[in-house]
1. Any residue in the range 153-181 that is over 14 Å from Y86 (Cβ atoms) sitting within a Cβ distance under 6 Å of a residue that is open to solvent by 30 Å² or more (accessible area, probe 1.4 Å) and of a type in the set (S, T, N, Q)? List the pairs, counting only those 6 or more apart or interchain.
2. Conditions: (1) open to solvent by 30 Å² or more (accessible area, probe 1.4 Å); (2) aromatic (F, W, Y); (3) part of a strand (DSSP E or B). W131 meets all but one. Number of the miss?
3. Taking the range 166-196 on its own, how many of its residues are within 17 Å of L124 (Cα to Cα) and either assigned to a helix (DSSP H, G or I) or at pLDDT below 95 (or both)?
4. Report yes if A255 is in a loop (DSSP other than H, G, I, E, B) and touching a residue at least 24 places away in the same chain (Cβ under 8 Å), otherwise no.
5. I'm checking my understanding of the structure. Among residues of the range 323-368 that are of a type in the set (S, T, N, Q), in contact with a strand residue (DSSP E or B) (Cβ under 8 Å, 6 or more places away or on another chain) and in a helix (DSSP H, G or I), which one is least open to solvent (accessible area, probe 1.4 Å)?
6. Could you pull out the residue among E140, E169 that is open to solvent by less than 60 Å² (accessible area, probe 1.4 Å), touching a strand residue (DSSP E or B) at 6+ places or on another chain (Cβ under 8 Å) and among the acidic types (D, E)?
7. Is there any pair with a first residue in the range 369-382 that is hydrophobic (A, V, I, L, M, F, W, C) and a second that is open to solvent by less than 40 Å² (accessible area, probe 1.4 Å) and in a strand (DSSP E or B) whose Cβ atoms are under 8 Å apart and which are 6 or more apart or on different chains, and what are they?
8. Is it the case, given these coordinates, that A108 is crowded, with 17+ Cβ neighbours inside 10 Å and among the small types (G, A, S)?
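The values are calculated or read from the model by the stated rules, or taken from the named source; none is laboratory data. As the structure is a computational prediction, the values presented were derived from the model and not from experiment. Heads up, the Cβs are rebuilt from the backbone with ideal geometry, glycines too, and the neighbour counts pull from every protein chain shown. Quick note on the areas: whole protein, heavy atoms, side chains included, nothing else; ligands and nucleic acids left out. Shrake-Rupley method; radii C 1.70, N 1.55, O 1.52, S 1.80 Å.
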Amino acid sequence: MRPLVYGVLPRPPHPTRDGLAIRNFHLLAALAERFEVRAFSLEDPDRAYGGGIAPPGVAIERIPQRARRTRRARAAAGSLVSGRAYSELLYRSASLERRLAEACVERAPIWIVAHSYHVAPAALSAGAPVWIDFHNLDSEIWRRFGAARRIGPRRVFVRAQEPRLRRLEASLARRAAGLSCVSERDREALARMHPGSEPLVVANGVDLSRYAFRGGPPPSERILFVGDLSWPPNADAVRWFGRKVWPLVRERRPAASVEIVGRDAPRELLAFADGRFAFAGESGDTRPHWEAAAVAVVPLLAGGGTRLKILEAAACGVPVVSTRIGAEGLDFADGTDLRVGDEPARFADAVVTLLSDREAARRQASAARARVERLYDWKRIGSVFTEALASRAAARP
């Protein structure tokens, strides 16, 4: 009988849907090659996740949540009254805590892996050793997001979350038996929160067999952005690109167009839509969009962790232009593997260069593909993760 691992997820895994779902799909798949894996996933009734997709060998039990609007209202009110972090309250689930406790009584696992800090409190309540995988450090995201917001009640609320999240992350790090994160930068931040801990860097990756390299030139001058637009930093990124960058590109490249792929675009963003700026909604498979794209843009002004959209674009042979924050945490060289621009004019110049100079675009795409093959293959990353869990469990007294 193989050792048992319980996985706890804030939403079902999926190989293509969004960054967290993709990461959790591949980490669960890696765990299933070495351990018996049972997963418990919260499920939002208001999101069309289609139940997610479980990796082979992973059994998933879904725990229904309350309606999203109800949870948001309660979490916001609870945060204001209690001083606790909004995101902690948003994902709080007595049903999840109860099922984990019952499962641990039925059979004790060697690890409970919390696949996101959002579900770590529930994992820690069950009494078994807990490994927390921080796909982001949300305290930093909220700090940056608050700094970028205009003066008003929303900015006050957002800025109040950063110290609450920092306290929560530090508390979770102290209580966990194992920690992982996506970048060296996040590892250093976690180590400062909990001196003496040894966080493991488990980078985000890409499925190189699924995302094949495009050898030939793109069929058009399409500029592609991929991201969940219900996440405010993504919506702000598209807003900044549409207002500040796109007018500069449109004037210089009359054949250029923009495609935005992602769910729940705010109404104000849809005002950008015209014959050359299109919103495609959510896509279950981004590969056709990458195949048609000439340039990928990642114009994030706030964020944390690392961007899987950059890795997918690189794997597919689509050259990337990003802000510095968008490219943060990835070992990509500016000017070789991608192009970085934080000011609208520089960002637009980089996009125009890649649209107009096919040889420059080809060189950058080839270098980026070589980079992901060397550093960001999910199979290699997953094996590092599973080996760490196995060795640390074996080292217990």
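1. Every condition considered, no pair remains.
2. Result: W131 fails condition (1) only.
3. Selection size over the range 166-196: 10.
4. Details: in a loop (DSSP other than H, G, I, E, B): yes; touching a residue at least 24 places away in the same chain (Cβ under 8 Å): yes.
Yes; evaluated as a whole, the condition is true for this residue.
5. Of the residues in the range 323-368, the ones of a type in the set (S, T, N, Q) are 323, 336, 353, 356, 364, 366.
Filter once more, keeping what is in contact with a strand residue (DSSP E or B) (Cβ under 8 Å, 6 or more places away or on another chain): 323, 353, 364.
Subset that is in a helix (DSSP H, G or I): 353, 364.
On the way: T353: 50, Q364: 5 Å².
Residue satisfying both the conditions and the ranking: Q364.
6. Details: E140 fails: touching a strand residue (DSSP E or B) at 6+ places or on another chain (Cβ under 8 Å).
Just a single option satisfies the conditions, and that option is E169.
7. Hits for this filter: V372/V206; W378/V206.
8. Values: crowded, with 17+ Cβ neighbours inside 10 Å: no; among the small types (G, A, S): yes.
Judged against the criteria, A108 is not a match.
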